[in-house]
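Heads up: the structure comes next, in structure tokens.
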Amino acid sequence: MPSASNERVLSGMRPTGKLHLGHYHGVLKNWVKLQHEFECFFFVADWHALTTHYESPGVIAESVWDMVVDWLAAGVNPNAAKLFLQSRVPEHAELHLLLSMMTPLGWLERVPTYKDQQDKLKDKDLATYGFLGYPLLQSADILIYRANRVPVGEDQVAHVELTREVARRFNHLYGREEGFEEKAEDAVRKMGKKAAKLFHKLRKAYTEQGDGEALAVAQSLIDDQQNISIGDKERLLGYLEGGGRIILPEPEALLTPTSKMPGLDGQKMSKSYNNTIALRDDPDEVAQRLSRMPTDPARVRRTDPGDPTRCPVWQLHEVYTDESTRAEIADGCRTAAIGCLDCKAHVIDGVRAELLPIQERAREYQNDINTVRTIIDEGCEEARDVAQETMEEVRQVMGLAYR
Ligand code: TRP
Ligand code: SF4
């Protein structure tokens, strides 16, 4: 494992088109960082893509492998993170189904993306069962790995919130086994005398005085135990808080810092604004498109002074140009000492320098697609091991172990 932390991170991306610089700055760079800090699971959310693209699933098939190649090219490391494909771990669907039995319809109808996306994607009929259930499928994705942290953008925080509610309900319904207290006390004893004494003290401080610090210390004490089963850990975690077993832990959203990456028109870079630079766009083409970008409308002639704050090119300087060069350029713009093409040349260099190594690595993986498939095969297998373990327990506590 790459990190000392035993926390687990899970995130997914929908394969619905080419990845662009917005994905790189907004998501992938963050994944590359996280993979060294946590145990990470990153997956291609192909079933999620189907909820909005069921009428034209071709784009999904086209995007899946390119997307994995782009992840690898951007520096996501298969030795540090597990990379897999959602549909190759069918346990996600089983957990989704089982969770659906106990999820009130109102919880799903109230998720903001449900109405928002229906309004936004007017050309699609999203009044479907699958689309309503999308956030619950996402909950299953998260809970099946018992992930503690879920890196998502602002728009997805409500989905993690829902996941927490679903987990709480699940634990409430199915964490109340017969003889819970005795089993929990047995588990406490298994930690050894010293740890057991500390556990009791901390539990008392939390349940009687609401000492949150004590709760956190006790949780990490439980986490650190090497010689007790997962079942016992769940009992201890639940016992600590005064409830039943915690079978599916509640995850936390790890809010991805909002990407400052502007598109070619100064709006946020996004496929729907048609203002993107794809990670694998041809460098000459990229240079041309950048040089055609609109600038401060006041700079009609080369001799007209400009104002960088009114220019979309300037936002790209904030991503690609160092501070001292930026100061010179701003000055040159305001005094008309430099022209817009000189100014854009810096940005063009910056973007091309960033894309160069990514494209080189992408080419290597593209030419060796079998390696990419093997990476995914192995990731799917590892993910499936974890998912199956969770499902065995879920079936058991739900009373389905007779099968
Ligand atoms: N819904 C996410 C998106 O649209 C993708 C996704 C699916 C996801 N399952 C997930 C993200 C689980 C985080 C965790 O971007
Ligand atoms: Fe924009 Fe640069 Fe031209 Fe100023 S010089 S208007 S910042 S492109």
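Which whole-number percentage describes the relative contact order of region 280-366, with Cα contacts under 8 Å and a sequence gap of 6 or more? RCO, region 280-366: 33 percent. Residues 270, 63, ranked from the fewest to the most other C-beta atoms within 10 Å, line up as 270, 63.
The dipole here belongs to region 61-139: it is taken about the Cα centre, uses +1 on the Cβ of Lys and Arg and -1 on the Cβ of Asp and Glu, and is about 180 debye. With contacts taken as Cα pairs under 8 Å at a separation of at least 6 residues, region 56-191 carries a relative contact order of 24 percent. Based on the alpha-carbon gyration tensor of region 72-182 and its eigenvalue square roots a ≥ b ≥ c, which shape applies: rounded if a/c is under 1.5, prolate if not and a/b is larger than b/c, or oblate? It comes out oblate by the Cα gyration axes. Of the residues 207, 188, 240, the one whose Cα sits farthest towards the positive end of the charge dipole of region 180-240 is 188 (charges of +1 on Lys and Arg Cβ, -1 on Asp and Glu Cβ, taken about the Cα centre).
Based on C-alpha pairs under 8 angstrom that are at least 6 apart in sequence, the chain has a relative contact order of 21 percent. Cross-link partners among lysines for residue 233, C-alpha distance below 23 Å, same-chain residues fewer than 8 apart left out? Of all the lysines, those that pass the test against residue 233 - Cα under 23 Å, at least 8 places apart if same chain - are 183, 190, 193, 194, 197, 201, 204. With only the Cα atoms considered, the chain has a convex hull volume of 177 Å³ per residue. Annotation for region 191-249 versus region 258-291: alpha-carbon center distance of 50 Å.
For the pair residue 79 and residue 382 in one chain, pulling the backbone fully straight at 0.36 nm per residue adds 107.9 nm over the alpha carbon distance.
Please work out whether region 280-366 counts as rounded, prolate or oblate from its C-alpha gyration tensor, where a ≥ b ≥ c are the square roots of the eigenvalues and a/c under 1.5 means rounded, while otherwise a/b larger than b/c means prolate and anything else oblate? In terms of gyration-tensor shape, prolate. The helix-only estimate of mean residue ellipticity at 222 nm for the chain, built from DSSP H runs of length n ≥ 4 each weighted as -39500 (n - 2.57), is -18000 deg cm²/dmol after division by the residue total.
Computed extension length for residue 260-residue 401: 45.8 nm, one decimal, from 0.36 nm per residue of separation with the Cα-Cα distance subtracted. How much of the DSSP beta bridge set in the chain is antiparallel, as a percent to the nearest 5? Beta bridges within the chain, antiparallel portion: roughly 10 percent. How would region 26-100 be classified by its alpha-carbon gyration tensor: rounded, prolate or oblate, with rounded meaning a/c under 1.5 and the a/b versus b/c comparison settling the rest? It is oblate, given that a/c is not under 1.5 and a/b is not larger than b/c. If R0 is 22 Å, the Cβ-Cβ spacing of residue 322 and residue 301 corresponds to a FRET efficiency of close to 0.15. Have a look at 61, 171, 266 and report the one farthest towards the positive end of the charge dipole of the chain, computed about the Cα centre with Cβ charges (Lys/Arg +1, Asp/Glu -1). Comparing the listed Cα positions along the dipole, 171 ranks first.
Here each label is just a point 7 Å from Cα along the line to Cβ, and for residue 241 and residue 93 those points are 3.2 nm apart. The fewest-to-most ranking of 66, 304 by surrounding Cβ atoms within 10 Å reads 304, 66. Put in line by how crowded their Cβ is, counting other Cβ atoms within 10 Å and starting with the fewest, 261, 391 read 391, 261.
Taken as Cα centroids, region 84-131 and region 361-397 sit 23 Å apart, rounded to the nearest whole angstrom. Calculated FRET efficiency, residue 155 to residue 193, Cβ-Cβ distance, R0 = 51 Å: about 0.55 to the nearest 0.05.
No value in this document is a laboratory result; all are computed from the given coordinates. Small disclaimer: the values here were computed from a predicted structure and weren't measured. Cβ coordinates were reconstructed from backbone atoms using ideal geometry, including for glycine residues, and neighbour counts include every protein chain displayed.
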